[in-house]
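Notes follow the structure.
The values are calculated or read from the model by the stated rules, or taken from the named source; none is laboratory data. Since this is a predicted model, take the numbers as computed values, not measurements. Reconstructed Cβ throughout: ideal geometry from the backbone, glycine too, with neighbour counts over all protein chains shown. The accessibility values were calculated without ligands, DNA or RNA, using every heavy atom of the protein model including side chains. Shrake-Rupley method; radii C 1.70, N 1.55, O 1.52, S 1.80 Å.
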Amino acid sequence: TKFIAFSISETSNGKMIRKTDYLAVWNAIMKKEAQALHRYPDDRLAIVGCMRFDHYFTDQTNPRFPSRETFLASKGLDPTKRTVVLAGPTPSNYPPRKELVSRLVRLKREGKLDGDPNIFVRIHPIDRLSDYDDMANTPGVAIERAGRQTLPDTHGGQKIEMEEDDLVNLTATLQYADVVVNFASTVIMEACIFDRPVITIGFPESRRIVYQFEYNKGLLDTGAVRLANTPDELAQWINRYFAEPELDRAERAKLVKDYIPFRDGKTHERTAAFISEIIA
């Protein structure tokens, strides 16, 4: 029996106990790391793309794909205003996630964000939506959880299913964002697919260590994403991107070229072809 793996990263995020016989990766960067760090031979590797990103390149052909006005209005937001999207971090990776949302809402309330923009928060699937109830009714703020909840929050482990409608919702969320904020997430890549300015969080200082890890450092080094080390820096970068949306555009395009080489929505076909080759 052969063991095949499909991996985001073979460096800092690798969790495989047994080394696989074959490895399918997203891009040439990951292939090079697999060869250099884990000694995979070339004939045991395949660059297939990221299946999780495929829908971004096909969703907008969906007849149900909403216009910007329809989408933002459906969230209770003002389509005439800019929109800051916060992609909520994994609870274990960023425990003060509620404080992060509160800080962003406070920047809006205090008038530190130019034009009083919409704040659209998409919390992590395993986070609890009820934790944000005290901010949910703030004018100009929308908070939702990714996916469809299948089990109560008291249940441990996974309790969310990501269905087609939510994938379309995610595509629209990024398509109609003016700035995307996250914490050390693949959302950096996903925002760049749509040429959306992206800011990653570096506060509190105790969480900043993650940007020394190979994967996160590599994305920062592209220059396609800005690191905000304080809430004031976050406001400054948001306002600058509002004024200069083209800032870092070339770097975002290069990140997409290097990290997401296939943008045809056909990762499943390349993956199946790789498995067929192994079987043959």
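Structure notes:
- Considering ALA87, ALA136, the condition of being surrounded by fewer than 20 Cβ atoms within 10 Å (Cβ to Cβ) and in contact with a strand residue (DSSP E or B) (Cβ under 7 Å, 6 or more places away or on another chain) is satisfied by ALA136 alone.
- Those residues of the stretch 88-142 which are among the charged types (D, E, K, R) and not in a loop (DSSP other than H, G, I, E, B), in sequence order: ARG97, LYS98, GLU99, ARG103, ARG106, LYS108, ARG109, ARG122, ASP131, ASP133, ASP134
- Residue check for GLY76: surrounded by 13 or more Cβ atoms within 10 Å (Cβ to Cβ), under 19 Å from the mean Cα position of the chain (by Cα), modelled with pLDDT of 95 or more and in a loop (DSSP other than H, G, I, E, B): no
- For the stretch 144-164, a residue qualifies if it is of a type in the set (A, V, I, L, M, F, W, C), open to solvent by less than 50 Å² (accessible area, probe 1.4 Å) and under 23 Å from GLN60 (Cα atoms), and exactly one does: ALA146.
- Each residue in the stretch 15-36 was checked for being under 20 Å from PRO261 (Cβ atoms) and either assigned to a helix (DSSP H, G or I) or open to solvent by 20 Å² or more (accessible area, probe 1.4 Å) (or both), and 11 pass.
- Qualifying residue in the stretch 262-279 (condition: β-branched (Val, Ile, Thr), within 29 Å of ASN62 (Cβ to Cβ) and out of contact with any helix residue (DSSP H, G or I) (no Cβ under 7 Å at 6 or more places or on another chain)): yes
- Looking at ILE193, ILE201, ILE188, just one residue is in contact with a Phe, Trp or Tyr (Cβ under 8 Å, 6 or more places away or on another chain), over 23 Å from SER74 (Cβ atoms) and either open to solvent by less than 10 Å² (accessible area, probe 1.4 Å) or touching a residue at least 12 places away in the same chain (Cβ under 8 Å) (or both), and that residue is ILE201.
- The residues of the stretch 98-133 that are in contact (Cβ under 8 Å) with a residue 60 or more places away in the chain, under 16 Å from THR200 (Cα atoms) and crowded, with 21+ Cβ neighbours inside 10 Å, listed by number, are LEU100, LEU104.
- Pair list, Cβ < 8 Å and 6+ apart or interchain, from the stretch 42-70 residues that are farther than 17 Å from ASN27 by Cβ to residues that are part of a loop (DSSP other than H, G, I, E, B) and not basic (Lys, Arg): HIS55/GLY265; THR58/GLY265; ASP59/PHE65; ARG68/PRO79; ARG68/TYR176; GLU69/PRO79
- A single member of ARG249, ARG263 is open to solvent by 50 Å² or more (accessible area, probe 1.4 Å), out of contact with any strand residue (DSSP E or B) (no Cβ under 7 Å at 6 or more places or on another chain) and over 19 Å from CYS50 (Cα atoms), and it is ARG249.
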